[in-house]
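A.B. asks: Okay, here's the structure, questions in a sec.
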Amino acid sequence: MTDAVPGASSLVSYILTGSRHDRTAYRALPEEQHTAYYGLVNTVFSVLVSYHFGGEFLKTDVDRLIRRVAERHPQYGGGVKRVLRSLVAGEDRRSELSVQQMRTAQHLVIRELAKMYPHVQTNAEQIVAEAAALTHLIEPPPPSVPAPTPEPEPEPAPRPAEGVIDGDPEITKLKSELADLDRRYLEMRSAVTESEFTGSDAEHLASVTLGYTGALRRLEFRSGAERKGGRSIAEAVIAAWNVAERERAAGGEELNRRFGAAGDYDPAVLEPTSVEVRSETGACRIGVDRHGRLSEVVFLTNDLFGSAGRDGLADEVAAAIRSAQSTAATSGGHQ
């Protein structure tokens, strides 16, 4: 993937492989790029942790995840405990960590949650790309934040005499910036999650609803579709999708204005089909470009609706589209 935020591709690779090289690759970035990468990691961390806990950080659940990560990485258990305990009200202990220790702990939690939820690995590139877009919409901390002091690997468990820098003004400043990032991220995340963009063809045979990232949320066939042939239905889906894409572009611009950012999404730039998928019963073939945008629908049978009716066909086509989008996201659009 293109690194919209420095180090994004390494973070995707780390989510997929857990490679130490990918986890520490950011250290080779120029010093002025470290802060942008920290913001990206913090955003992905916030997304996955919020998903795992459902927004309710109960101490017993937090401790369960701490133990899970610490069992695999005992040398980093202290850092992971401090980072995750910060989710529990009144237990913010991140000031006890160096910047590098905090980042290592966040990486390890991200990877552990990715192993717990297979769809996180399947959609790793999309998750990081979305987080990168959100990070761009949030003013990054000033570049004066110092680069982390190199520390040997593996890091020992925190000792009272080392790594405890509570009260350090630079770390206090970083904590404040991360807290502000978390707050503004949640506001942006809520707006993005709730955003839906719907389009319909001229005859109102099909309705397509997309999310902020272009992922298909709903596909519906309306009354009258049963009287049409496969080619007409396919054209209706494509037409409805294109309208939804234009709505998505307009909605993205509105969000950009709201949060003071600039986006580069252009719905007119549809690339050739890169991923093709057949539906479960083989009733149709779906094609998407490398960005997951629908490029073709071909029905391969004359008996489109059968006993399942409009809803059954819509569910089958929608499942094929989601499968194609998932493949495009994980393979860069190349099968």
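The values are calculated or read from the model by the stated rules, or taken from the named source; none is laboratory data. Everything quoted here is computed from the prediction, not taken from an experiment. Backbone-built Cβ (ideal geometry, glycine too); neighbour counts: all protein chains shown.
A.B. asks: What pairs can you find where one residue is in the range 301-312 and surrounded by 12 or more Cβ atoms within 10 Å (Cβ to Cβ), the other is modelled with pLDDT under 90, and their Cβ atoms are less than 8 Å apart, with a gap of 6+ or different chains?
C.D. replies: G312/F305; G312/G306
A.B. asks: Any idea which residue in the range 253-273 is nearest to the chain's Cα centre (by Cα), counting only those that are assigned to a loop (DSSP other than H, G, I, E, B) and either modelled with pLDDT of 70 or more or of a type in the set (G, A, S) (or both)?
C.D. replies: Restricting attention to the range 253-273, the residues satisfying the condition of being assigned to a loop (DSSP other than H, G, I, E, B) are 260-273.
After this cut, where a residue has to be either modelled with pLDDT of 70 or more or of a type in the set (G, A, S) (or both) as well, the list is 260-263, 268, 271-273.
Working: G260: 21, A261: 18, A262: 19, G263: 17, A268: 23, E271: 22, P272: 24, T273: 23 Å.
If we take residues in the range 253-273 being assigned to a loop (DSSP other than H, G, I, E, B) and either modelled with pLDDT of 70 or more or of a type in the set (G, A, S) (or both), then G263 is nearest to the chain's Cα centre (by Cα).
A.B. asks: Can you tell me which of V62, V88, V69 is modelled with pLDDT under 90, touching a helix residue (DSSP H, G or I) at 6+ places or on another chain (Cβ under 6 Å), farther than 17 Å from V128 by Cβ and assigned to a helix (DSSP H, G or I)? If you could, list the steps in order and put the result at the bottom.
C.D. replies: On the way: V88 fails: assigned to a helix (DSSP H, G or I); V69 fails: modelled with pLDDT under 90.
V62 is the lone residue from the list that is modelled with pLDDT under 90, touching a helix residue (DSSP H, G or I) at 6+ places or on another chain (Cβ under 6 Å), farther than 17 Å from V128 by Cβ and assigned to a helix (DSSP H, G or I).
A.B. asks: I would also like to ask the following. Among the numbered criteria (1) free of Cβ contacts under 8 Å to residues at least 12 places away in the same chain; (2) within 18 Å of the chain's Cα centre (by Cα); (3) under 20 Å from G78 (Cα atoms), which one does S46 miss?
C.D. replies: It is condition (1) that S46 fails.
A.B. asks: Could I ask something else about it? Every residue in the range 274-295 that is surrounded by fewer than 16 Cβ atoms within 10 Å (Cβ to Cβ) and in a strand (DSSP E or B), please. Can you show your working first?
C.D. replies: The initial filter retains those residues of the range 274-295 that are surrounded by fewer than 16 Cβ atoms within 10 Å (Cβ to Cβ), namely 278, 280-282.
Within the range 274-295, R278 is the sole residue that qualifies.
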